[in-house]
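Since the structure comes first, as structure tokens, the remarks are kept for the end.
The values are calculated or read from the model by the stated rules, or taken from the named source; none is laboratory data. No experiment lies behind these values; they were computed from the predicted model shown. Virtual Cβ from ideal backbone geometry, glycine too; neighbours counted across all protein chains shown. Side chains included, ligands, DNA and RNA excluded: accessible areas come from the protein's heavy atoms. Shrake-Rupley method; radii C 1.70, N 1.55, O 1.52, S 1.80 Å.
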Amino acid sequence: MVEKLYEGKAKILYPTNDAEILLTYFKDDATAFNAQKRGQIQGKGEINCTISAALFEWLETLGVPTHYIDRPTPDQMRVRAVKIIPIEVVVRNIAAGSLCKQTGLPEGKILPFPLVEFYLKNDELGDPLLTSDRLSILELATSEQIEQIKAMTLKINQHLSEFFDRCGITLVDFKLEFGLDSQQRLLLADEISPDTCRLWDKAESDPKARVLDKDRFRRDLGEIEGAYQRVQQRVLEQIARKGDW
Ligand code: UDP
């Protein structure tokens, strides 16, 4: 058994024979509220790996560089080794979650423009929201890299919003992580899945019934596996239709 390189809340990273390539294993473990709430979502590892792989592959075809290589098994992804920039980039199209809690904006309010936010990726500090001055003082990335991250994030948001819309799903908000490969190339990394996105079913107006993402776990709404499976099915169907749009 190969020694793991790193174990996070939802994934385990293994080295491979090639120093430029890592293997990511997606776990069924679920955490919320900075890991104060813990549980398991049956089949989540496979579903999140499958959805992420499909979306990364599709984004690559649109000119977005990602760390994705391939998916040797349903719950394992081979990725290019990158040094993760310790910033969580959140994009919001509709007010939800911490934005509502912190600003009083009503949940569901359509924002006048996509809001891009940077949070420090540091569990001990509770992933605080960064101002642009804090971001520059922390020197987590150069100002050129930050500009590149913003531009890539907005482009990804445009593509993904349209993609999910065609799946009958509203992309409310999501979180991205970026990394630098051995040639200092900026790549989209981590995952894009119902764990890291808020996804609302367009066919449901009920604020609980419409939730197809990790908020079902965070808010004890039940039917978590079913929601994740529905997202997977619609994403794969939409990918299969790609020639048509
Ligand atoms: N998010 C994430 N990981 C985090 C924090 C947030 O994937 O550590 C995602 C979350 O699923 C949502 C978006 O980023 O799609 C915005 O999350 P928010 O700031 O509202 O935080 P929350 O209240 O969900 O913790």
*Using alpha carbon centroids, what distance separates the range 198-245 and the range 30-99, in Å?*
15
_Solvent-free Debye scattering, log10 I(q)/I(0), computed from the Cα coordinates of the range 148-218 at q = 0.15, 0.22, 0.23 Å⁻¹_ = -0.56, -0.96, -1.01
*Added length on full extension, which subtracts the Cα-Cα distance from 0.36 nm per residue, GLU57 to GLN40*: 3.4 nm
*May I ask for the Rg/Rh ratio of the range 76-130, computed from Cα atoms with Rh as the Kirkwood radius, given to two decimals?*
1.09
*Determine, from the Cβ-Cβ distance of LEU111 and LEU13 and an R0 of 30 Å, the FRET efficiency 1/(1 + (r/R0)^6), rounded to the nearest 0.05.*
0.30
*Which whole-number percent gives the relative contact order of the range 1-138, counting Cα pairs below 8 Å spaced six or more residues apart?*
15
*Between GLN233 and TYR6, what length comes free when the chain is fully extended (0.36 nm per residue of separation minus the Cα-Cα distance, one decimal in nm)?*
78.7 nm
_Total formal charge among the other residues, if their Cβ is under 12 angstrom from that of VAL211, Lys/Arg +1 and Asp/Glu -1_ = 0
*Size of the range 6-108 along its principal axes in angstrom, Cα-based, largest extent first?*
50, 34, 25
*Which entries in the list LYS101/LYS175; LYS101/LYS150; LYS121/LYS202; LYS109/LYS150 go over 28 Å, if you measure between the two C-alpha atoms of each?*
LYS121/LYS202
*Excluding ligands, DNA and RNA, what is the solvent-accessible area per residue of the range 172-245 at a probe of 1.4 Å, expressed in Å²?*
44
_Pair GLU20, LEU129: separation of 7 Å Cα→Cβ label points (nm)_ = 4.1
*Fully extended, how many nm does the chain gain between GLN183 and ILE137 (0.36 nm per residue separation, minus their Cα-Cα distance)?*
14.1 nm
*Taking N as its residue count, the alpha carbon Rg of the chain over 2.2 N^0.38 Å*: 0.97
*Excluding LEU140 itself, calculate the net charge of residues whose Cβ lies under 15 Å from the Cβ of LEU140, where each Lys or Arg counts +1 and each Asp or Glu counts -1.*
-4
*Computed from the mean reciprocal separation of all distinct C-alpha pairs, what Kirkwood hydrodynamic radius does the range 56-101 have, in Å?*
13.6
_Can you show me the helix-derived [θ] at 222 nm for the chain, built from DSSP H runs with n ≥ 4 at -39,500 (n - 2.57) apiece and divided by the number of residues, rounded to the nearest 500._
-10000 deg cm²/dmol
*Find out how many positive minus negative residues lie around TYR14, taking Lys and Arg as positive, Asp and Glu as negative, among other residues whose Cβ is under 13 Å from that of TYR14.*
0
